[in-house]
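The structure appears right after this line, and notes come after that.
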Amino acid sequence: MPERIEVLLLDDEPIVGKRLKPALTKIGCDVEVFENPREALERIDQKNFDIVVTDIRMDEIDGIEILEHVRQKAPRTKVIMITGYAMMSLARKAMEKGAFDFIAKPFKPNELRRVIARAAEALDLSVDFETGADDESNL
């Protein structure tokens, strides 16, 4: 049985975690969901995640700060940025700082699963992408 992929999901909108956790669990990910960036940073300090999915726009601590923290602590971890603000300058900034990829809301869970599958592949891990291909409502 393939090793499960450890994912930390951070978004200050509770619905995002509620919808994405089951979608990612289905394809072989162990997902820890956070709405508070400070709590997510504490957890990142305690545990190495394979993939961190973070919203860019949050109060107090933004996704760029999360990205920088992850890159410093665990350079192997792939960071995927999501945002409701389709701002290409922020996307470029995130990519320059080492983000693996960027997804603009609204997006379908399958779009994130596809990016997670690519990130897993880059880490020499695999996900069962076909299993989760059923929920196509926008997030």
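The values are calculated or read from the model by the stated rules, or taken from the named source; none is laboratory data. Computed from a predicted model, the values in this text were never measured in an experiment. So basically every Cβ, Gly included, is an ideal-geometry build from the backbone, and we count neighbours across all protein chains shown.
Within region 29-55, take every residue that is among the acidic types (Asp, Glu) and assigned to a strand (DSSP E or B) and give me the one that is nearest to ASP124 (Cα to Cα).
As a first pass, look at region 29-55 and keep what is among the acidic types (Asp, Glu): 30, 32, 35, 39, 42, 45, 50, 55.
Still in the running and assigned to a strand (DSSP E or B): 30, 32, 55.
Working: ASP30: 17, GLU32: 21, ASP55: 25 Å.
So the residue we want is ASP30.
MET58 meets all of the listed conditions (1) surrounded by 13 or more Cβ atoms within 10 Å (Cβ to Cβ); (2) at pLDDT 95 or above; (3) not in a helix (DSSP H, G or I) but one, namely (2). Would you confirm whether any residue within region 71-92 is touching a helix residue (DSSP H, G or I) at 6+ places or on another chain (Cβ under 9 Å), in a helix (DSSP H, G or I) and buried (at least 22 other Cβ atoms within 10 Å of the Cβ)? No, region 71-92 contains no residue that is touching a helix residue (DSSP H, G or I) at 6+ places or on another chain (Cβ under 9 Å), in a helix (DSSP H, G or I) and buried (at least 22 other Cβ atoms within 10 Å of the Cβ).
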